[in-house]
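Each remark here refers to the structure printed beneath this line.
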Amino acid sequence: MAESHGGAKSPAAGAHTEAEGGHGGGFPPFESSTYASQLVWLAIFFVALYVIVSKLALPKVGGAIEARQNKIEGDLAEAQTLKDQSDAALKAYEGELASARSRAQAIGNESRDKANAQAEAERKALEEQLAAKLAEAEKTIASTRATAMSNVRGIAADAAGTIVQQLTGLVPDAASVNAAVDASLKG
Amino acid sequence: MKIDPIHQFNIEPLFTIGHIGSQTIAFTNSSLYMLVAVAIISLLMLASGTQLVPGRLQSVAEISYEFVASTIRSTAGSEGMKFFPLIFSLFMFICVSNLVGIIPYTFTISSHLIVTAALALLVFFTVLIYGVAKNGLKFFSIFVPHGVPGYILPLVMFIEILSFFLRPVSHSVRLFANMLAGHIALKVFAGFVAMLGFSLGALGWFGGVLPLALTVALYALEILVAFLQAYVFAILTCIYLNDAIHPGH
């Protein structure tokens, strides 16, 4: 650009002829004198590239991709195993919980039954005891009453004998007094 | 200022290494950029680490790997993976050299027909030799399409054979012409900017905006073309190899 400031035509024309001078003025892609060089170097570099690519580059990059793939698959499989394990643990826990619950219920029932039976037995024993005491008390009452009644007869016979003696001045014989008392007590 | 859109394609010998017959074998700017392409690819693929969680460089390397691998699998089947190193080398070599060639003042290897023709012939003979070695004479059944009525079969076969032998021509000229035309167009439009600026003064500075915008747009297009032509070259290679692997289809 600097050269064009000086004179628009001549330097550019000079550059053009210089460029043409190097290659006989043809269209560069069709200049057969350059073909051999291009083909030789293309062969060298393309073969070099092919060797680098096939022996080093692709195995390396492919290996990295495959390693990642394997890692991801391994991780997924591991996650699946862990999930299965936790599922199994959850199931076991639930089973354990259910059995514990039923066991607790059984224990509860058993102890309740036991307590009921014990209470029942105690109640029965107490009732029997009370019944025995009641019977004894009734017996005592009956005997006391019988005693009292026989005392009443004696008193009545004494009183009757005394009354008869007082009224008649005769001492009544005991047998007739007792018979009379008995008869009146019965009546 | 004179525009010389052809100058960029000149082959400049850097040093001469010998002669084959009357031909001079020189290390040229073209050879230098081949070396650059090989060096960039090797660096990308080999220096990029093998971490479980890839970094940027490793991602680029792995994306290139997966991209080429999936292209081969989808066009030539898993048997085509035999040719993975070849197709990967072709794709990366063309892609990287095209992209490097887009940078101003650099040289584009594939803008020379001799280079693209050599690569296309490499593919052509790989297909031919592998196809015959693997399938024997059955390979030539690719010239006889199924379900064609007998009376036009000779014509169809003639066309098939012709198109088979024209493959290296279209294969190489497509890449060459795209790169050549793109670079010439870029140079011409970019040259307009400078020409307007230097010849018309202040007015030219404004006038140069339009070709400059075009140059920018064209440059973006050329980046796409650089990649796309490498992809087209690789996918055509896969399709041709598919003929050699499965000649019945």
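Computed from the coordinates by the stated procedures, all read-outs in this text should not be read as laboratory data. Just so we're clear, the structure is a prediction, and the values are computed from it rather than from any experiment. FYI the Cβ positions are ideal-geometry reconstructions off the backbone, even for glycines, and counts take in every protein chain you see.
Values as computed for the structure displayed
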read-out: For segment B:106-185, alpha-carbon Rg relative to the globular expectation (2.2 N^0.38 Å, N residues); value: 1.43
read-out: Using a Förster distance of 22 Å, the FRET efficiency for B:Leu128-B:Phe158 (Cβ separation, nearest 0.05); value: 0.75
read-out: Isotropically averaged projected area of segment A:86-187, using the convex hull of Cα atoms (one quarter of hull area), nm²; value: 10.0
read-out: With eigenvalues of the C-alpha gyration tensor scaled by 5 and rooted, chain B, Å; value: 38, 24, 20
read-out: Quarter of Cα convex hull surface for segment A:38-101, i.e. mean projection, nm²; value: 4.7
read-out: Kirkwood Rh, Cα atoms: Rg over Rh of segment B:74-152; value: 1.14
read-out: Calculated [θ] (222 nm, deg cm²/dmol) that DSSP helices of n ≥ 4 give over chain B, each run adding -39,500 (n - 2.57); value: -24500 deg cm²/dmol
read-out: The protein assembly as shown, Rg to Rh (Cα coordinates; Rh as Kirkwood inverse mean 1/r); value: 1.87
read-out: Whole-percent pair-distance distribution, where bins are 10 Å wide, for the alpha carbons of segment B:95-138; value: 26, 32, 22, 15, 6
read-out: Cα-based Kirkwood hydrodynamic radius, segment B:21-64, one decimal, Å; value: 12.4
read-out: Shielding by partners - mean other protein chain Cβ count within 10 Å, residues of A:109-122; value: 0
read-out: Value of D in µm² per second that Stokes-Einstein yields for segment B:109-249, Kirkwood Rh from Cα pairs, at 4 °C (1.567 mPa s); value: 72
read-out: Too-long pairs where the Cα-Cα distance tops 22 Å, listed order kept, from B:Lys82/B:Lys138; A:Lys55/B:Lys138; A:Lys133/A:Lys186; A:Lys60/B:Lys82; value: A:Lys55/B:Lys138; A:Lys133/A:Lys186
read-out: Quarter of the Cα convex hull surface for segment B:162-228, i.e. its orientation-mean projected area (nm²); value: 5.2
read-out: Overall form of segment B:4-149 per C-alpha gyration tensor (a/c, 1.5; a/b vs b/c); value: oblate
read-out: DSSP H segments from chain B that extend 30 Å or more along their own axis, Cα-based, with Kyte-Doolittle mean of 0.0 or above; value: B:113-135, B:153-200, B:209-245
read-out: Average other protein chain Cβ within 10 Å of Cβ, residues B:25-31; value: 5
read-out: Rg(Cα)/(2.2 N^0.38 Å) for segment B:3-43, N = residue count; value: 1.45
read-out: Distance cut-off 22 Å, percentage of C-alpha pairs in chain A lying past it; value: 83
read-out: Sequence of B:Trp205, A:Trp41 once ranked by neighbouring C-beta atoms within 10 Å, starting from the fewest; value: B:Trp205, A:Trp41
